[in-house]
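Colleague: The structure follows.
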Amino acid sequence: MWYYQHNNEQIGPLEQAQFEALIAAGTIGPRTLVRAEGMDDWQPAAASPAASWLGTGTASDAGVDAAAARPLTRVSEPSPLEQARMLEAWFLLFWISLALGIPLTFVVVGLAGLAAAVLLYCFMLYRLWELIPPARARTTPGRAVGFLFLPLYNLYWNFIAFWGLAKALNRELQSAGITGRDVDERLALAYCVLICLAIVPEVGLLALIAALVLWIVLVKQMKDAGVALLLAEAATSGVLPESADGDAVGRGTAS
């Protein structure tokens, strides 16, 4: 059985005949990430056992050297350390926007601050879902953010995009052997329930205030979990020493 990635989503399982038909149709190209049962990780098609089906015979014939193929898939992406810094910066701006927006809710500046906080939250939510491997993710980053803007449906979708992210991050932390950065899944569930109660007239205001407090706490926990995963990835790739802590996000690495 074969799998391939499209728009950060895993497609499959596919029989070999189906897989070869997608190659022939151009849906799967030399740089498409693919994986077959028995393979440890995703590989560009031209560097995988499927290279001979691309019509070029070997990975080197396709112009992609097997050792250099993996970096080509991430050439435009920032390094894990840079991504960790980005998350830290987004959270700082998120906090500043809320701090300015909440006290000034009834004026234009306040509304602009709250809008900026929501936008930054969406950025962080998208990036954090990108940290979850497609094979273990319940949804895609685009859906996680996009469906939150669907009226009423977003009450349900919060349980997937927010509570689900808390659980997914904790699984990744456990898999990476990282402790002390867990997201409180019970608080994440409570937040989703409070958002639903916020539309009930009798308790709506109190539920909304409580949800806001939990939102801030949980977004910080999720950010910290994401930064921990990115720093672990940086240490594994040799960018950071394995003993590096969160201070490296601010310090950077020695050249």
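Colleague: Quick one: which residue in LEU169, LEU155 is over 30 Å from GLU37 (Cα atoms), out of contact with any Gly (no Cβ under 6 Å at 6 or more places or on another chain) and in a helix (DSSP H, G or I)?
Modeller: LEU155
Colleague: Take the range 10-47 and flag every residue that is part of a loop (DSSP other than H, G, I, E, B), in contact (Cβ under 8 Å) with a residue 24 or more places away in the chain and closer than 25 Å to ARG138 by Cα.
Modeller: Scanning the range 10-47 gives ILE28, ARG31, THR32, GLU37, TRP42.
Colleague: I need the full set of residues from the range 167-211 which are touching a Leu at 6+ places or on another chain (Cβ under 7 Å), closer than 27 Å to LEU229 by Cβ and among the small types (Gly, Ala, Ser), in order please.
Modeller: Residues satisfying the conditions are ALA176, ALA188, ALA190, ALA211.
Colleague: Considering only residues that are loosely packed, with under 14 Cβ neighbours inside 10 Å and modelled with pLDDT of 90 or more, look in the range 88-114 and name the one that is nearest to ALA176 (Cα to Cα).
Modeller: Ranking the candidates gives ALA89 first.
Colleague: Being within 13 Å of ALA135 (Cβ to Cβ) and not hydrophobic (A, V, I, L, M, F, W, C) is the filter here, so list the residues in the range 27-44 that pass it.
Modeller: ARG35, GLU37, ASP40, ASP41 - these are the residues of the range 27-44 that are within 13 Å of ALA135 (Cβ to Cβ) and not hydrophobic (A, V, I, L, M, F, W, C).
Colleague: Just to verify a result, which residue in the range 191-214, among those that are out of contact with any helix residue (DSSP H, G or I) (no Cβ under 6 Å at 6 or more places or on another chain) and assigned to a helix (DSSP H, G or I), is nearest to LEU165 (Cα to Cα)?
Modeller: VAL193
Colleague: With the requirement that a residue be closer than 17 Å to MET1 by Cα and either surrounded by 14 or more Cβ atoms within 10 Å (Cβ to Cβ) or modelled with pLDDT under 80 (or both), what does the range 22-37 give you?
Modeller: Across the range 22-37, the qualifying residues are LEU22, ILE23, ILE28, THR32, LEU33, VAL34, ARG35, ALA36.
Colleague: A further question follows. Just a yes or no: is a residue in the range 166-173 in the same structural domain as ALA211 (by TED's automatic domain parsing) and more than 18 Å from LEU189 (Cα to Cα)?
Modeller: Taking every residue of the range 166-173 in turn, at least one turns out to be in the same structural domain as ALA211 (by TED's automatic domain parsing) and more than 18 Å from LEU189 (Cα to Cα).
Colleague: Here are GLY146, GLY142: which of them is within 22 Å of VAL34 (Cβ to Cβ), assigned by TED's automatic domain parsing to the domain that holds LYS223 and assigned to a helix (DSSP H, G or I)?
Modeller: Just one listed residue meets the conditions, GLY142.
The values are calculated or read from the model by the stated rules, or taken from the named source; none is laboratory data. None of these values were measured; they are calculated from a predicted model. Note: ideal-geometry Cβ built from the backbone for every residue, glycine included; neighbour counts use all protein chains shown.
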